[in-house]
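Any read-out appearing in this document is the output of simple, stated calculations on the displayed coordinates, not a laboratory observation. Note that the structure is predicted; figures quoted are calculated from it, not measured. Note: ideal-geometry Cβ built from the backbone for every residue, glycine included; neighbour counts use all protein chains shown.
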Amino acid sequence: MRDDQRRQRLVDSNPWWRAASAGEDPTAWTTHHRVLRNRSEYDLGFRPTILDDIQTGPVTNLLTVLTGPRRIGKSVALLDVAATLCARADLDPRQVVYLPCDGMNAQDVHRSLVLAREVTRAIDFDQPKPRVWLLDEISGVTGWTTTLKLARDITTFGDDTVVATGSRWVAGEDVEGNLFAGRAGTTSGRRTRLLLPMTFRDFLTTSRRMTPALDPVHVSELQSPAVARALDGIGFDIDAYDLAWQDYLTCGGFPRAVAEHTRNGTVSDNYLDDIRSWLRIDVDPEGPQDSVPRLLSEITSRSTSPLNIANIAKELGQTRKVAERRLHRLISSHAALWCPRREGDRIVAGSQSKLYLTDPLLASLPSRLRAGLPTPDMTRLTEMTIGVALARAIDDLEEGRWVSGDTIGYARTAREGEVDLGPVTVPSAAGTIPTVPIESKWVDQGWKGESKTIDGKYGRGILATKSVLDVSGNVWAVPAPFVALLLQ
């Protein structure tokens, strides 16, 4: 890419620069921007709050990496930040730089950082002004962390706010060493941020305009007296939450999927094809069209048990090496999450791990797009969804645990029984403390027998049920949607 091409991309991507130079409304672009216009077609008003501190706070030297799956709205979130910043009276809109990095290489990014400051140098006439850099999908650029590291070290880029987004967490890029070791800024703010599909709480407030009666609690406080009182207070409404939970397990939390399901009663095949295309590009670009649906189907059907990679490779007609590579890509693309066997905080070496899909819609995709593949089971979907909610809650408490694979884990008993989500250590105001163990059993009766494993192992815990609520013993029966709301 030549400098004139890079310059033109910058000018085209930052229409507020021209408006600010001409004394016109620097937010007028929001009414006709293609990405924002496309959102309006399925917009239910949901807005993630993950970058609120960037758009409303001071411009500092904070550097943060926003990661998450494709089709989740990272580009939209950056443009919303740009729109809010452009409307602020205390900033010149030309301090805001949005750079879409798709198709770029490291040299393109480096030169674009230079050119953007040069193009907007008029605002530095009296004194230099810091910029807010919104670098979209930069993780697809090989060597991007090294490029930003050098710019942070030797140019005024080190004094600016930087939000770098990407859909894949690639092990070959040393994010920690290149970006966070002394280069993430001196102000407070999360350096690693996850933008994932809507939580069950988001789903309720967005699709049903319903304010949940349960507030989230610390993951160590799930069996506190205050939670028991709160659960008793909404026990009469179990059926309404159960129906909403089944809807959530059907459409998941991708914003467009929620909108389509809310308005039309189903997620369109067209959008499911978009999801499949994303996964095929990131997970199995060399494979046939049905490779991703078949992989997701196998994962879903085995999700409640430790995954035997050799067996799944045989079922899919692949070598173990190929299967492992595809599973690794699925994890790095934030479409799935490992749940290893743990004893406390220690991962048991050599043991098999469970694998949870990070959104229920991914489990429905196979049967919708490939004839002959089974529909997902609500029991398995519930376990996966509760596991992901707990992992997200743990990452909220201690950033970086999701991307490093250090959130949840299952446990074994002396008699080879299994607890779906054993306790792990998390920070709290009182110091480090274990989470409450959780077992998922989507039942509406006969739960006492199901609780013996977790009771025998820990003498406490929660059984996530379909519709049973009982907080009278060591192990509580709590409907799965209530558990999800308590977690997030």
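Could you rank the peptides 374-384, 314-324 by their average count of other C-beta atoms within 10 Å per residue, with the highest value first? Kindly include the intermediate steps, with their values, before the conclusion.
Numbers: 374-384: 20.5, 314-324: 14.5.
The peptides rank, most packed first, as 374-384, 314-324.
Based on alpha-carbon centroids, what's the gap between segment 382-452 and segment 50-80 in Å, whole number please?
If we compute the Cα centre of each part, the gap is 29 Å.
Answer rounded, prolate or oblate for segment 200-487, using the Cα gyration tensor with square roots of eigenvalues a ≥ b ≥ c: rounded when a/c is under 1.5, else prolate when a/b is larger than b/c, else oblate.
On the way: a/c = 1.78, a/b = 1.27, b/c = 1.40.
In terms of gyration-tensor shape, oblate.
Starting from segment 75-141, pick out the trypsin sites (Lys or Arg not before Pro) whose DSSP state is loop and whose Cβ has at most 15 other Cβ atoms within 10 Å.
Details: sites: Arg88, Arg94, Arg111, Arg117, Arg121, Arg131; in loops: Arg88, Arg131.
Passing both the DSSP loop test and the Cβ count: Arg88.
What residues qualify as long-range amide H neighbours of Val96, i.e. H under 5 Å apart, gap of 5 or more or another chain, H built at 1.01 Å from N?
So Val96 has HN proximity to Val132.
Between Glu324 and Ile154, what is the spin-label point distance in nm, taking each point 7 Å from the Cα along the Cα→C-beta axis?
3.9 nm
Quick one: grab the alpha carbon gyration tensor of segment 308-385, order the square roots of its eigenvalues as a ≥ b ≥ c, and give me rounded if a/c is under 1.5, else prolate or oblate depending on whether a/b is larger than b/c.
Details: a/c = 1.95, a/b = 1.27, b/c = 1.53.
Here segment 308-385 falls in the oblate category.
Taking N as the number of residues in segment 1-46, what is its Cα Rg relative to 2.2 N^0.38 Å? Present the calculation step by step, with values, prior to reporting the outcome.
Numbers: Rg = 13.6 Å, N = 46, 2.2 N^0.38 = 9.4 Å.
Compared with the compact-globule rule of thumb, segment 1-46 sits at 1.45.
In whole Hz, with x marking every Gly and Pro, tabulate ³J(HN,Hα) for segment 67-75 from phi via Karplus 6.51 cos²θ - 1.76 cosθ + 1.60, θ = phi - 60°.
Ordered by residue, 3J(HN,Hα) equals 10, x, x, 5, 6, 9, x, 5, 5 Hz.
State, to one decimal in nm, how far the label point of Leu243 lies from the label point of Glu41, with both points 7 Å from Cα in the Cβ direction.
Rounded to a tenth, the inter-label distance reads 3.1 nm.
Find the centroid of the Cα atoms in segment 191-257 and in segment 360-375, then give the distance between the two in whole Å.
25 Å
Count the lysine pairs in the chain whose Cα atoms sit under 23 Å apart, keeping only pairs 8 or more residues apart in sequence or on different chains.
15
Give the peptides 424-435, 73-84 in descending order of average Cβ contacts within 10 Å, highest first. Intermediate values should be presented prior to the final figure.
Details: 424-435: 14.1, 73-84: 21.4.
Top of the packing list down: 73-84, 424-435.
What full-extension length gain, to one decimal in nm, is calculated for Thr49 and Arg209 as 0.36 nm per residue of separation minus the Cα-Cα distance? Before the final figure, lay out each step's value.
Working: separation 160, 0.36 × 160 = 57.60 nm, distance 1.78 nm.
Gain in length upon complete extension: 55.8 nm.
Placing +1 at every Lys and Arg Cβ and -1 at every Asp and Glu Cβ, with all other atoms neutral, what dipole size does the chain have around its Cα centre, in debye to the nearest 20? Display every interim value, and only then the final one.
Working: 59 positive and 62 negative charges, 178 e Å.
With Lys and Arg at +1 and Asp and Glu at -1, about 860 debye.
For segment 52-65, what does the Karplus curve 6.51 cos²θ - 1.76 cosθ + 1.60, with θ = phi - 60°, yield as ³J(HN,Hα) per residue in whole Hz, taken in order and with x for Gly and Pro?
Each residue's phi maps through the Karplus curve to give 4, 5, 6, 7, 10, x, x, 7, 10, 9, 6, 10, 9, 10 Hz.
Pop out the ³J(HN,Hα) list for segment 244-250 in order, Karplus 6.51 cos²θ - 1.76 cosθ + 1.60 with θ = phi - 60°, rounded to Hz; leave Gly and Pro as x.
These are the phi-based 3J(HN,Hα) values: 5, 4, 5, 5, 4, 5, 7 Hz.
Could you tell me how many degrees, from 0 to 90 and to the nearest 10, lie between the Cα long axis of helix 106-119 and the main elongation axis, the longest principal axis, of the Cα atoms of the chain?
The answer is roughly 50 degrees.
Please determine, in degrees from 0 to 90 and to the nearest 10, the orientation of helix 378-397 with respect to the longest principal axis defined by the Cα atoms of the chain, where the helix direction is its Cα long axis.
Around 50 degrees separate the two axes.
Please give, to one decimal in nm, the separation of the simple spin-label points placed at Ser268 and Arg111, each 7 Å out from Cα toward the Cβ.
3.9 nm
Which shape class, rounded, prolate or oblate, goes with segment 190-255 when its Cα gyration tensor gives a ≥ b ≥ c as root eigenvalues, a/c under 1.5 marks rounded, and past that a/b bigger than b/c marks prolate?
It comes out oblate by the Cα gyration axes.
Angle check, please: helix 255-264 long axis (alpha carbons) against the longest principal axis of the chain (alpha carbons), in degrees 0 to 90, nearest 10.
The helix 255-264 is inclined about 60 degrees to the chain.
Please report the relative contact order for segment 200-487, taking Cα pairs under 8 Å with a sequence separation of at least 6, and give it as a percent rounded to a whole number.
On the way: 462 pairs, mean separation 56.9, N = 288.
With pairs under 8 Å counted, the relative contact order is 20 percent.
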